[in-house]
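Q: First, the structure itself, so that you have it in front of you.
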């Protein structure tokens, strides 16, 4: 089976499993699990924050951040396609009583600075109080440039707002932007001037469970209380934290392999489609910037293609999208630690024989 559904499906490597089994343990709710403490200190040091907090999921670290930055009735500016707005079950509104102000994403994944500025509410009792600007990097596999990140941070500071990064795949962005440079330094630069960032350990980094929230020491003290309120306190969590330590120390640079496989897949799909009379008129490949690739197929063809892929033991996800005035089935391919070149070539062969 070649599983392109998501980078969340990765299995811990043998070395990671060994690190987990050897981890010294304590009780993290009491604050004395040495492995959790080490993970938090390591992440804060790497990304230039005072402190960090380990939690079960990225959905929870994002919600903790929102609820720590905002009070009931406050407003957070988000993108229409951001995970915090679209894919987290409305948690900020349901559990945090925070009003989301969603803005349209541009084709490159950003939100226009002018749209952000226009959405900031005046200090007037008719309006919710704008408190927070949220970004997502990467978003749909697209990288938000460093210059743009700096501009949004400056805009937040200009208006006295806080700024949070949903950085579930921040290290993918850092690897893409760093080129031949150091992605760890690039990740630190992406976070500079932001009040908080959420980092997922269980996507491309390959850990089985867990995310980190980073911020100032005072922010993390408050966030710890919110985590407890949301049921995120874990006991001998060092077993999981050890996987996170291993991921940060050994799996950041290797994300470049995933990006290379996504590029190979995209180039191959484009070539197959160009040579395929039926697909040439009905399918479009969107080039991958990181490890996520999209293939748009008209619904009349998509069902048969998806069935064909499944019959060839290739797993993908898909959903309906409205693009350029027409409805398409958008097939998502995600490369990761457990997808190799053979899986990519197998997928291309399957599409070629469709």
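Values in this text are rule-based calculations from the coordinates and carry no lab data. Just so we're clear, the structure is a prediction, and the values are computed from it rather than from any experiment. Cβ: placed from backbone, ideal geometry, glycine included. Neighbour counts: every protein chain shown.
Q: Relative to the compact globular guide of 2.2 N^0.38 Å, what is the alpha carbon radius of gyration of the stretch 10-91, as a ratio?
A: Here the Cα radius of gyration is 1.38 times the empirical estimate.
Q: Helix-only estimate, please: 222 nm mean residue ellipticity of the chain, summing -39500 (n - 2.57) across DSSP H runs of length 4 or more and dividing by its residues, to the nearest 500. Mind showing how you got there, number by number?
A: Numbers: 15 runs with 155 residues, N = 354.
Theoretical 222 nm ellipticity from helices: -13000 deg cm²/dmol.
Q: The stretch 233-268 to the stretch 280-315: how many Å between their Cα centroids?
A: If you average the Cα positions of each part, the centres end up 25 Å apart.
Q: Starting from the Cα gyration tensor of the stretch 1-159, multiply each eigenvalue by 5, take the square root, and state the resulting semi-axes largest first in whole Å.
A: Ellipsoid semi-axes (Å, largest first): 33, 20, 16.
Q: With the Cα gyration tensor of the stretch 174-232 in hand, convert its eigenvalues to equivalent ellipsoid semi-axes via √(5λ) and list them largest first in whole Å. Working shown, then result.
A: Values: eigenvalues 132, 54, 7 Å².
Taking √(5λ) for each eigenvalue gives 26, 16, 6 Å, largest first.
Q: Ok, one more. Where does each of 94, 197, 209 land when they are ranked from fewest to most other beta-carbon atoms within 10 angstrom?
A: So the ranking, lowest neighbour count to highest, is 94, 209, 197.
Q: Antiparallel as a % of all DSSP beta bridges within the chain, to the nearest 5? Don't skip to the end; give the middle numbers.
A: Numbers: 27 of 47 bridges.
Antiparallel: roughly 55 percent of the beta bridges in the chain.
Q: Let me ask another. How much length is gained if the chain between residue 235 and residue 218 is pulled fully straight, taking 0.36 nm per residue apart and subtracting their Cα-Cα distance, in nm to one decimal?
A: So the chain would gain 3.9 nm between residue 235 and residue 218.
Q: Right, here's the next one. Averaged over all directions, how much area does the convex hull of the C-alpha atoms of the stretch 48-115 cover when projected, in nm²?
A: With every direction weighted equally, the projected area is 5.7 nm².
Q: Using a 10 Å cut-off around each Cβ, can you sort 142, 228 from fewest to most neighbouring Cβ atoms?
A: Working: 142 22, 228 12.
Fewest to most other Cβ atoms nearby, the residues stand as 228, 142.
Q: Can you tell me the alpha carbon radius of gyration of the stretch 129-228 divided by the globular rule-of-thumb value 2.2 N^0.38 Å? Display every interim value, and only then the final one.
A: Working: Rg = 13.8 Å, N = 100, 2.2 N^0.38 = 12.7 Å.
For the stretch 129-228, the normalised Cα radius of gyration is 1.09.
Q: Further, regarding this structure: So, R0 is 41 Å and r is the distance between the beta-carbons of residue 307 and residue 250; what FRET efficiency does that work out to, to 0.05? List each step's numbers first, then the result.
A: Working: r = 38 Å, r/R0 = 0.93.
The calculated FRET efficiency here is 0.60.
Q: I want to verify the translational diffusion coefficient of the stretch 255-352 in µm²/s; compute it with Stokes-Einstein, Rh as the Kirkwood radius over Cα pairs, at 37 °C and 0.692 mPa s. Working shown, then result.
A: Values: Rh = 13.5 Å.
Rounded, D is 244 µm²/s.
Q: Could you give P(r) for the chain, binned at 10 Å from zero, as whole percent values over all Cα-Cα pairs?
A: Histogram of Cα-Cα distances, whole percents per bin: 5, 24, 31, 25, 12, 2, 0.
Q: For residue 155 and residue 14, FRET efficiency with R0 = 30 Å and r from the beta-carbon atoms, rounded to 0.05?
A: 0.05
Q: Sorting 57, 318 on the 10 Å Cβ count, fewest up front, what's the list?
A: On the way: 57 17, 318 21.
Ordered by Cβ neighbours within 10 Å, fewest first: 57, 318.
Q: Just the number: Rg to Rh for the stretch 208-279, Cα atoms, Kirkwood Rh, two decimals.
A: Expressed as Rg/Rh, it is 1.28.
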